[in-house]
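Working notes, structure below.
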Amino acid sequence: MNSEELNELIGKGYTPYAVMKGAKSMVKLSDNRDIVTDREDNGIEVVPKGEKTPIKFMPRGQSNNMPYLVMKRIGTNVTVGSNVEFKTKVIYGDGLLVYRMNRDEQGNIQKKEVLPAEEPEIFEFLRMNNYNHIRMEIANDLAIFYDSYVEYIFNREDSPKIVQIKSKETTCSRISEIDEKTGKSEWHGYSAEWHKGTPTDLIATPLLDRQAPLRDLMTRMGRLPNDNGLKVVGKQRRFIHNIQMNTPGRFYYGRPYWWSIFSSGWYDFSSAIPVLKKSLIKNQMSLRYLVYIKDTFWAELYAKHKAVDENKQVELREAFLKEMNDYLTGEENAGKSFVSHFRYDRVKGTEDKDIIITPLQSAPDGGEYIEDSEETSNTLSYGMGVHPSIIGSSPGKNKSINGTEARELFIITQALNKMYQEATLEPLYVVKELNGWPKDIYFSVTNCQLTTLDKGTGAVKNTGIKPENEE
């Protein structure tokens, strides 16, 4: 059956099931192939709070709640959640570095780290806005959605300066339909009620030109001439900057390449394996033991409880059997001991036991689907651009790598995520221009540089100012 036929069946209300090797029952598979598919329509008209004119915002996902669905899927899959966290940590790096860059008399580029005492205004801005936390939020949103939104807030002076930066939750963010006259999305809509259809708590903020946000902002603040050749300071004091990783053919929102794990069905397969294993373990425990109870045991039990009535005897017997079954099949009783009395027959030379419990050897025996789990973990990690050996997502034997391989893989990962790291610094360069910080001031993300053991330490901080062998 091809994907079109399967989609047709699902559309008619059929639910997909799978029977995996070694299983005696079917497992219901979730279907997440369409959760990252956008809805094709003309947008949703919403009247922002305090306004009268509606603005048309473009939905994200079939029910306009796709970001929430993606976050839910991340939180329920071990491999995907671990990969997202790992990528976020790599993007965040080891910290933020402020440095000066100039050229010496010989024409060589020189970089020198700037201390707080040298540029107190810059470091005070970073501290008061908790920019490390903002970078963390940008890293999270870029790793998951390829889109992040920050808000610039200006003061009311004649020559306005940025006094505050805020990170806006991507799951609550939508952008307006492209204006035919300007060719740009003019508004950012912020609401926690997009999934309800038409939100009532929407806050609309001007959205900077996504292709040239700095130029747009400087024009709005009268630093550059507008289309009429005039430098005019607008009345608006709040603006949204959309930091994004562009993907071809996407006019409104990014579509991360790693979302292919949903549309391909590999996510569903990976999520089905732990459900199946749990079902196997839970169901097999009730058939794992064969219990032998000597016939004289019941007479002794009845006598002990002085049960003469037949109904009372049946009640005692059923209560004992239920207690025995609960003890053997209860997950909380795993590893506990069971005590049974026995007598020794001197004539026959054998033990005379009241109760004998024999474990049943049933296959599979706890090691089922190791290869399937390894395959899905590797495929998900491959799709997300994370080498499985770095985070240990590959189960099974002989899957470890040596220290040199791990070190090189980690360095490669840092290098490949450089464009994400630089994206977390974009707001600082905007503030630099609008607030008049020195032209020779630059920013970078420092990284943890793993070293070899012959250097006497496990890691150093690579700032990019000195060569690696001089750190």
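Non-local lysine pairs in the stretch 145-245, meaning eight or more places apart or on different chains, with alpha-carbon distances under 26 Å, amount to 13. Here the label points at R100 and K184, each 7 Å from Cα along the C-beta direction, are separated by 3.5 nm in the simple model.
In order along the stretch 140-151, the Karplus-derived 3J(HN,Hα) couplings, from 6.51 cos²θ - 1.76 cosθ + 1.60 at θ = phi - 60°, round to 4, 5, 5, 5, 9, 10, 6, 9, 9, 10, 10, 10 Hz, and Gly and Pro are given as x.
What number comes out for the charge environment of S185, summing +1 per Lys or Arg and -1 per Asp or Glu over other residues with Cβ under 14 Å away?
Details: positive: K56, R60, R174, K181, K184, R210, R250; negative: D147, E177, D179, E180, E186, D209, D216.
Result for the neighbourhood of S185: 0.
Extension gain for V78-T37 works out to 12.4 nm (0.36 nm per residue, less the C-alpha to C-alpha distance).
Inter-label distance, E119 to F320: 8.4 nm, where each label sits 7 Å from its Cα along the C-beta direction.
Under the simplified labelling scheme, the A212-L301 pair shows an inter-label distance of 8.7 nm, with each label point 7 Å from Cα along Cα→Cβ.
Of K306/K353; K111/K418; K89/K277; K87/K277, which sit over 21 Å apart, Cα to Cα?
Details: K306/K353 23 Å; K111/K418 19 Å; K89/K277 31 Å; K87/K277 28 Å.
With Cα atoms farther than 21 Å apart: K306/K353; K89/K277; K87/K277.
In this structure the amide hydrogen of K353, modeled in the peptide plane, comes within under 5 Å of the amide hydrogens of R343, none closer than 5 places in sequence on its chain.
FYI, it's all coordinate maths here, none of it is from the lab. Fair warning: this is a prediction, and the values are worked out from it, not measured in the lab. When we count neighbours, we look across all protein chains shown, and the Cβ atoms used for this are built from the backbone with ideal geometry, even at glycine.
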